[in-house]
Structures are given as C-alpha cells and as structure tokens.
Amino acid sequence: MVKIKICGIKRFEDIEIVNKFKPDYIGFVFADSKRKVSHDLAYELKLNLDSDIISVGVFVDASPEEILKLFDEGTIEMAQLHGMETEEYILNLKSKTGGELKIIKAIEMSEEIDLLKFNDSHADYLLLDSGKGSGKTFDWRLIKSGLKKEFFLAGGLDISNIDEAIKEFNPYAVDLSSSLEINGFKDENKIKEIMEVVK
C-alpha cells in the first residue's frame, strides 16, 4: 500500500490532527520557508507525535552537524535533502549514524533530468518534485520506466489527481502539504479526505 507523508507540520494543532489520522510520515521544514520551524519547536512537536508516525526533517544545503544534532536529539528519524547535496555528503551522514538515518534525496524534475542515474544513489529514497515546495505538478511523463529506486511523489498532489498518480506510477509514498491547508494552516477535513483516498 502506498504510504503518505504530510509535510509542513508546525503547530500542536497539526500534531493532534496527524495523530488522529495516522499518516506514515510527517515533515518538519528547517529550510527557509513560510512553514519553517525552529529546532526547539520541532523537538516539542515530536514529543507529542504518535510513535508510529516517522518524522522527517526537510533541509536545503544544511550543515551535516545540524542534521546529526536533530537526529541525535530524536527530533527527526529521516532527512529530506533539497539542495546540492552530493553522494559524498549523503554517505557521510549515513556513516556517522551507522546507517540509521534514512535519506530522501529530492530531485527537481525537468526535461534535462536523467532519473536513471539515481538508481545507484546512497539515498534510501528519491523525492520527485517540481521544485522546493512549489505546490505545482511536473510533467509526469518524465518518470521513466527503469527507475529502481523507490520514490516519494510530490508537487501539486491533491484530492483531484492523487488517485490517478498512485494508479499510474505506484510510488512508494505520496507527499502533500499546501493542498491540505486553508489560509496556510493544515485543515482536518482535507487531511481526513486525502487519507481515506490513499488508504
């Protein structure tokens, strides 16, 4: 069954909602964004998060020390990388955590991208997106057969297209954020609706 990640969790009210509906993953954004959270707030939110839900930290070219600190403190269990992080960078993070820190490498989908070169990546998963939290879909025809690495599908997914995306590409997981919000805040009814469709 396709897993679901709800990104941009930033309030205790958000934690109450996700604890109720149980997505597989939630995302704390530590990169510059309107959904950015401080380390201290993320730690407090994680303390209240259901232990069955995996917390993911979202970063853009962060120092390895920042990611490792959040991992060691128990704030995050996975790191999602949206910058220019190299394979060496990923390998360094994994070696310093004995492989326990799982890595999602985000790929900005464009006409020029050769997805198949990521089959040998040290990342555990890819995340295919139109940009850094743009909320827009990309040309799904760019997802090539032959991609062996499991991937999260992101970018403009909502109640109108999620079913098609899952049937067409069978991603490991779907990743949603802005489509689950009203006026910039996570909405319980939207989350309930999308969870029912995905699960």
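The values are calculated or read from the model by the stated rules, or taken from the named source; none is laboratory data. Predicted model only: the values in this text are computed from it and were never measured. FYI the Cβ positions are ideal-geometry reconstructions off the backbone, even for glycines, and counts take in every protein chain you see.
Can you name every residue in region 56-88 that is of a type in the set (Ser, Thr, Tyr) and buried (at least 20 other Cβ atoms within 10 Å of the Cβ)? Can you show your working first?
Taking region 56-88 as the starting set, the residues that turn out to be of a type in the set (Ser, Thr, Tyr) are 63, 75, 86.
If the condition is that a residue be of a type in the set (Ser, Thr, Tyr) and buried (at least 20 other Cβ atoms within 10 Å of the Cβ), then Thr75 is the only one that fits.
Take the conditions within 19 Å of the chain's Cα centre (by Cα), assigned to a loop (DSSP other than H, G, I, E, B) and surrounded by fewer than 17 Cβ atoms within 10 Å (Cβ to Cβ) and apply them to Lys192. Does it pass? For Lys192, the condition - within 19 Å of the chain's Cα centre (by Cα), assigned to a loop (DSSP other than H, G, I, E, B) and surrounded by fewer than 17 Cβ atoms within 10 Å (Cβ to Cβ) - is not met.
For region 92-105, filtered to residues that are farther than 24 Å from Lys22 by Cβ and within 19 Å of the chain's Cα centre (by Cα), the residue that is surrounded by the fewest Cβ atoms within 10 Å (Cβ to Cβ) is Gly99.
Restricting Ser130, Ser110 to residues that are surrounded by 15 or more Cβ atoms within 10 Å (Cβ to Cβ), modelled with pLDDT under 95 and of a type in the set (S, T, N, Q) narrows the list to Ser130. So, Phe185, is that one surrounded by 17 or more Cβ atoms within 10 Å (Cβ to Cβ), hydrophobic (A, V, I, L, M, F, W, C) and within 18 Å of the chain's Cα centre (by Cα) or not? No; evaluated as a whole, the condition is false for this residue. Residues in region 151-170 that are surrounded by 15 or more Cβ atoms within 10 Å (Cβ to Cβ) and not hydrophobic (A, V, I, L, M, F, W, C): Gly155, Gly156, Asp158. Given the options Asp40, Asp72, Asp24, Asp52, name the one that is out of contact with any His (no Cβ under 7 Å at 6 or more places or on another chain), over 24 Å from Ala165 (Cβ atoms) and in contact (Cβ under 8 Å) with a residue 12 or more places away in the chain. Exactly one residue qualifies, and that residue is Asp52.
Within region 1-33, can you find the residues that are more than 17 Å from Asp175 (Cβ to Cβ) and either surrounded by fewer than 18 Cβ atoms within 10 Å (Cβ to Cβ) or within 15 Å of the chain's Cα centre (by Cα) (or both)? Can you show your working first?
Taking region 1-33 and keeping what is more than 17 Å from Asp175 (Cβ to Cβ), we get 11-13, 15-16, 19-20, 32.
Those that are more than 17 Å from Asp175 (Cβ to Cβ) and either surrounded by fewer than 18 Cβ atoms within 10 Å (Cβ to Cβ) or within 15 Å of the chain's Cα centre (by Cα) (or both): Arg11, Phe12, Glu13, Glu16, Asn19, Lys20, Asp32.
Restricting the search to strands (runs of 3 or more DSSP E) fully inside region 49-138 and requiring at least 2 residues that are in contact with a helix residue (DSSP H, G or I) (Cβ under 7 Å, 6 or more places away or on another chain) and either of a type in the set (A, V, I, L, M) or under 21 Å from Arg35 (Cβ atoms) (or both) gives 54-59, 102-108. Quick check: anything in region 159-166 outside any loop (DSSP other than H, G, I, E, B) and modelled with pLDDT of 95 or more? Within region 159-166 (the criterion being outside any loop (DSSP other than H, G, I, E, B) and modelled with pLDDT of 95 or more), the answer is no, since none of the residues qualifies.
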